[in-house]
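Structure, as structure tokens:
The values are calculated or read from the model by the stated rules, or taken from the named source; none is laboratory data. Being a predicted model, the structure only gives us computed values, none of them experimental. With ideal geometry, Cβ positions are generated from the backbone for all residues, glycine too; neighbour counts draw on all protein chains shown.
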Amino acid sequence: MPETVTLSVTRYRPEQEGEPVFQEYEVPFRKDWVVLDALNHIKDRLDGSLSFRWSCRMGVCGSCGMKVNGEPKLTCAAFLSSHLPGPIRVEPLDYFAVVRDLVVDLTDFLHKLKKVKPWLVRRHEKGVAEGEYRQTPDELDTYKPWSMCINCMLCYSACPIYGLEPGFIGPAAIALAQRYNQDSRDQGAAERLEILSGHDGLWQCTFVGECSKVCPKNVDPAGAIQQYKLAAAAHWFKTLLPWSAK
Amino acid sequence: MEVFSSDVLVVGGGGAGLRAAIAVAETQPRLRVAVISKVYPMRSHTVSAEGGAAAVIKAGDSLDEHAYDTISGGDWLTDQDAVEAFVREAPAEMLRLEHWGCPWSREPDGSVAVRPFGGMKAQRTWFAADKTGFHMLHTLFQTTLKYDVIQRYDECFVTRLLVDDGRCQGVVAIELASGKILAITAKAVILCTGGCGKVFPFTTNAAIKNGDGMALAYRVGAPLKDMEFVQYHPTGLPFTGILITEATRSEGGWLLNKDGYRYLQDYDLGKPTPTPVLRSMELGPRDRLSQAFVKEQQKGRTLKGPYGDYVHLDIRHLGEKLIDKKLPFVRELCLKYENIDPVKEMIPVRPVVHYMMGGVSTDIRGATPLPGLYAAGEVACVSINGANRLGSNSLPELLVFGARAGASAAAFAGDQKEAAPAVLAQAHDEERRLEERLQRKAGGKERVATLRSEMQRTMEESAGIYRSAPALEKAAGELRTLQERFQAVALDDHSYTFNTELTSALELSYMLDLAEAIVHSARERRESRGSHQRTDHPQRDDERFLRHSLAYRGPEGVPRIEYLPVTITRWPPGQRVYGR
Amino acid sequence: MSSPARYTPYHPRWHRRRVSVWWWLEKGSYTVFVLRELTSVAVAFFAVVTLGLVRAVAEGPDAYQRFLARLGTPLFLSLHVVAFVFVLFHAITWFNLAPKAMVVRIKGKRVPDAIVTGLNYGAWLVLSGAVAFFLLRG
């Protein structure tokens, strides 16, 4: 095991440079250090001007998504030892505008998230005094994987469609829509389908499948979208039937 | 500088902040409500809570029992009127969250499931697998998206509260993405910024837990209550501080010292049984378990590791199937962050700082003594947690007091006038101060990270699990020196765009203020109670100290400690007894 | 009172990286994806050949013999081989991905992906076997 390892980190300071550049840093190598620990070492001891997002250090807040050697990863879960030998390339996520160094702009995702109505839609709300909506463990398992999304955006960074068509609503947002569609307590599937069968919705996806591969929480957004496509197509066929209610 | 205004402004977008915003939107739909947070709301530290949220819902349980467990767990420093309101409103709040879509784990018949938890005599802890806080936060965040009236200021770092005419009238903040200064005037401000665990070196807390709101309130004259009560969680991973949830013990895990012995039986916590017994052994309260670790350490019976001493948490006997069903996140954490499989090996753990019982002093409506300023969640001290918080009480606290603070703030805001020009003059002053701090180059030689680690080391040595007057005096002196050295801090980063070094420096200044409040409050409390243990005053002293400490910022910055009586309603102080 | 200014973040000089037209060569899995999509061309090729065959049959035995002779030329033979490889790739990737889209539930529990894929392959084998039996019997 080496004593030190080199990190090659993207730097972008809009006041200084017109384009991102790479800067190399040598950091100590420790068996239990992840890339995030190395970045913190750089910021604390070598160069305080390196900007990046992080918070929980345990893969649940979704802040620290970056590209490590070209692959979108949570840097708190990317061991230095898995990326030897150096130099280890650390870059901001693809397909988002770079604000500064390793920080990208996420407002597009938040805008799209709101569009898909990611909340429980009910025709009639139950009062608190009437107790909980009943939901069996099997019903919970139906949508559980899709509820695990930490909004880390690795899937967007892996999706070439999002790169080529920035209007695409994207894997995480559609998976969250499906999470509510499949929740036995929800009654908003029709409303969401209206939104997602539009131009930038479901049908932009061509099942590249990279999103599910990079997802650190096994949410399987690709599966969510394909199942949603089947449901949407079935729904469309049903509306063709003469006796269907429009 | 850009000026915005709102009627109610919530600072902090975690569980309490989002619940408060929804409460405003629902109780007073005509008011403008805004949430300002230094991170996107789904990054808030609520997201990492694992074990569960307690509320009385099953037959055979009662509000009085939940209240008694909370009050005795808090070593009688809890305000009993607040606890009564809390246990009464918790079930409704949790059901409301379920109606908003929270995926609580269920019994086979479809009703909400509960599990046992440390310090609770009955099973009343609701849970969503072992990611309760994550599901609660995302449910709340996604529900706030329903309300168009809730305006969000994401990634805006609040640096100061604006106070004029004896009431709080807004904030000044840095918009991180551009470096622009924002002044947001408001008729009521609710602080929901969480605790300050990062004052200590080993903590479960995320990087963002720097006590922002506590320091902001402290600096405008609001008192900080019970700051000396710092909760250690007995089981955290040694290097990262990552929490291994209490649920690991409630499902049946054992704590073993270096000889493989279940050492808790030596510390008046009951006798070892093969399956867990509520309020006994590994399900005893957190402070007693952490203290047992320190005593084992002094006896030399803990294991030595590269990051400090530790003991073992053994769940191998539970079997792979149960671990994957009830504790999947625990297995994932151990594998991914310390390369250990708990199905086959024992988990190395040690006590880590987890929660601040203390905080901005509020009443049971969430109001601080400063009109227009409210607080809810870990940032506040009502107090329902007293000297020691029971596990699974802090998540329902977010909901109950977030809702109360939201409703109170909304009612207050309805009666107020718009901000006077004097308020904006303060904002301009703050803008100049920040500009100067950002651009300062000459003479500065201290690094933020160096001062931060020295502060953390001082706190762990002198204000940790066991404290004494000489150690606290030394800490007070060291912190004063660090405060002075902080004035000479220099930044490498002079950019306006997303300058996280500037925010780290501002966060460090918040933490230094809070560290002093903790140390001075601890020094003045000459008794041992709950999580505050004095080796020189080992007994509980109800006659002199059945009171809350209030830390006020003195004119030179040194805290001044006063006292406030505890509200006792129906439960006279008794002994905290476990394992019998 | 005028409507209050709605907060939007101000963003000076954020850097937008352009996606290269050769994006699909940058990663192995992207290249495989594009090839998978291109297999539709091979499928279309077989469809056109089949239509040509049908037309040749309709035009009588001479036209049919001429068509078969053309199919036997080295050019068409190699085109067929290439197209066959692509269609095989098409079928394999399709079956492997099928369980993602088609979730089968029996008594509330999800049927494992491997079984769904296995059933697809099994059906393929059975159908191919039946077709081969009828064609090679005579």
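On the basis of being of a type in the set (A, V, I, L, M, F, W, C), in a helix (DSSP H, G or I) and touching a residue at least 24 places away in the same chain (Cβ under 8 Å), does C:Val126 make the cut? Before you say what the answer is, go through the steps one by one.
Details: of a type in the set (A, V, I, L, M, F, W, C): yes; in a helix (DSSP H, G or I): yes; touching a residue at least 24 places away in the same chain (Cβ under 8 Å): no.
So C:Val126 fails the test.
Quick check: anything in the stretch B:394-411 polar (S, T, N, Q), under 18 Å from the mean Cα position of the chain (by Cα) and buried (at least 18 other Cβ atoms within 10 Å of the Cβ)? Yes, the stretch B:394-411 has at least one match.
Does the stretch A:31-38 contain at least one residue that is at the interface with another protein chain (Cβ under 8 Å from one of its Cβ atoms), within 27 Å of B:Ala490 (Cα to Cα), in contact with a Lys or Arg (Cβ under 8 Å, 6 or more places away or on another chain) and of a type in the set (D, E, K, R)? There is no residue in the stretch A:31-38 that is at the interface with another protein chain (Cβ under 8 Å from one of its Cβ atoms), within 27 Å of B:Ala490 (Cα to Cα), in contact with a Lys or Arg (Cβ under 8 Å, 6 or more places away or on another chain) and of a type in the set (D, E, K, R).
Can you work out which of the residues in the stretch A:1-22 that are under 22 Å from B:Val448 (Cα atoms) and more than 9 Å from every other protein chain (Cβ to nearest Cβ) is surrounded by the fewest Cβ atoms within 10 Å (Cβ to Cβ)? It comes out as A:Arg11. For the stretch B:305-333, give me each residue that is at pLDDT below 85 and in contact with a strand residue (DSSP E or B) (Cβ under 6 Å, 6 or more places away or on another chain). Scanning the stretch B:305-333 gives no hits.
Assigned to a loop (DSSP other than H, G, I, E, B), farther than 30 Å from A:Leu140 by Cβ and either out of contact with any Ser or Thr (no Cβ under 9 Å at 6 or more places or on another chain) or touching a residue at least 40 places away in the same chain (Cβ under 8 Å) (or both): is that true of B:Ala173 in this structure? So B:Ala173 does not fit the description; no.
Show me the helices (runs of 4 or more DSSP H) entirely contained within the stretch A:125-165 in which 1 or more residues are assigned by TED's automatic domain parsing to the domain that holds A:Gln226, within 30 Å of B:Met94 (Cβ to Cβ) and in contact with a Lys or Arg (Cβ under 6 Å, 6 or more places away or on another chain). Quick ask: steps written out before the conclusion?
Numbers: elements: A:137-143, A:154-158, A:160-164.
It comes to A:137-143.
When A:Cys159, A:Cys149, A:Cys155 are screened for being touching a Phe, Trp or Tyr at 6+ places or on another chain (Cβ under 8 Å), buried (at least 21 other Cβ atoms within 10 Å of the Cβ) and either within 24 Å of C:Arg18 (Cα to Cα) or within 9 Å of another protein chain (Cβ to nearest Cβ) (or both), only A:Cys159 passes. Applying the selection to the stretch A:123-146, what residues are among the basic types (Lys, Arg) and facing chain B (nearest Cβ under 8 Å)? A:Lys126, A:Arg134, A:Lys144 - these are the residues of the stretch A:123-146 that are among the basic types (Lys, Arg) and facing chain B (nearest Cβ under 8 Å). Among the residues making up the stretch B:36-80, those that are buried (at least 23 other Cβ atoms within 10 Å of the Cβ), in contact with a Pro (Cβ under 7 Å, 6 or more places away or on another chain) and not in a helix (DSSP H, G or I) are B:Ala53, B:Ala54, B:Ala55, B:Trp76.
The condition (being touching a strand residue (DSSP E or B) at 6+ places or on another chain (Cβ under 6 Å), more than 14 Å from chain A (Cβ to nearest Cβ) and among the acidic types (Asp, Glu)) is satisfied by just one residue among B:Glu436, B:Glu473, B:Glu461, B:Glu430: B:Glu430.
With respect to (1) closer than 19 Å to A:Gly209 by Cβ; (2) within 14 Å of another protein chain (Cβ to nearest Cβ); (3) surrounded by 12 or more Cβ atoms within 10 Å (Cβ to Cβ); (4) not aromatic (Phe, Trp, Tyr), the lone exception for C:Val104 is condition (1).
For every residue, the table says whether it meets (1) part of a helix (DSSP H, G or I); (2) within 11 Å of chain B (Cβ to nearest Cβ).
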residue	(1), (2)
A:Gly59	no, yes
A:Ser63	no, yes
A:Pro72	no, no
A:Cys76	yes, yes
A:Pro85	no, no
A:Arg89	no, no
A:Tyr95	no, no
A:Phe109	yes, yes
A:Leu113	yes, yes
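Hand me the list of helices (runs of 4 or more DSSP H) wholly inside the stretch B:296-413 holding 3 or more residues that are over 26 Å from B:Thr240 (Cα atoms) and touching a residue at least 12 places away in the same chain (Cβ under 8 Å). Before the answer, list the steps.
Details: elements: B:320-326, B:328-338, B:394-413.
Correct list: B:394-413.
Can you tell me which residue among B:Val114, B:Val83 is touching a Ser or Thr at 6+ places or on another chain (Cβ under 7 Å), more than 14 Å from chain A (Cβ to nearest Cβ) and of a type outside the set (S, T, N, Q)? Of the residues listed, the single one that is touching a Ser or Thr at 6+ places or on another chain (Cβ under 7 Å), more than 14 Å from chain A (Cβ to nearest Cβ) and of a type outside the set (S, T, N, Q) is B:Val83.
Residue check: is A:Tyr180 surrounded by 14 or more Cβ atoms within 10 Å (Cβ to Cβ), more than 14 Å from chain C (Cβ to nearest Cβ), outside any loop (DSSP other than H, G, I, E, B) and aromatic (Phe, Trp, Tyr)? Against the criterion (surrounded by 14 or more Cβ atoms within 10 Å (Cβ to Cβ), more than 14 Å from chain C (Cβ to nearest Cβ), outside any loop (DSSP other than H, G, I, E, B) and aromatic (Phe, Trp, Tyr)), A:Tyr180 qualifies. Here A:Ile174 meets the list (1) surrounded by 14 or more Cβ atoms within 10 Å (Cβ to Cβ); (2) within 22 Å of A:Val68 (Cα to Cα); (3) within 14 Å of chain C (Cβ to nearest Cβ) almost entirely, failing just condition (2).
Summed over the stretch B:501-533, residues that are surrounded by fewer than 23 Cβ atoms within 10 Å (Cβ to Cβ), assigned to a helix (DSSP H, G or I) and either on the phi > 0 side of the Ramachandran plot or polar (S, T, N, Q) (or both) total 3. If the condition is being within 29 Å of A:Phe79 (Cα to Cα) and part of a helix (DSSP H, G or I), then the stretch B:234-267 contributes B:Ala247, B:Thr248, B:Arg249. The set of residues in the stretch B:271-296 being surrounded by fewer than 19 Cβ atoms within 10 Å (Cβ to Cβ) and of a type outside the set (A, V, I, L, M, F, W, C) consists of B:Lys271, B:Pro272, B:Thr273, B:Pro274, B:Thr275, B:Pro276, B:Lys295. In the set (1) closer than 19 Å to B:Leu390 by Cα; (2) of a type in the set (Ser, Thr, Tyr); (3) at the interface with chain A (Cβ under 8 Å from one of its Cβ atoms), B:Thr132 fails one condition alone, (3). Screening B:Val47, B:Val35 for residues that are modelled with pLDDT of 95 or more, within 19 Å of A:Trp119 (Cβ to Cβ) and in contact with a Lys or Arg (Cβ under 7 Å, 6 or more places away or on another chain) leaves exactly one candidate, B:Val35. Taking the stated definitions as given, is C:Arg70 out of contact with any strand residue (DSSP E or B) (no Cβ under 8 Å at 6 or more places or on another chain), more than 14 Å from every other protein chain (Cβ to nearest Cβ) and of a type in the set (D, E, K, R)? The answer is yes for C:Arg70. In this structure, C:Gly60 does not satisfy being at positive phi and touching a helix residue (DSSP H, G or I) at 6+ places or on another chain (Cβ under 6 Å).
Taking the criterion of being buried (at least 24 other Cβ atoms within 10 Å of the Cβ) and in contact with a His (Cβ under 8 Å, 6 or more places away or on another chain), the only residue of the stretch B:1-21 that qualifies is B:Gly14.
The sole residue among B:Arg576, B:Arg534 that is of a type in the set (Lys, Arg) and closer than 30 Å to B:Phe486 by Cβ is B:Arg534.
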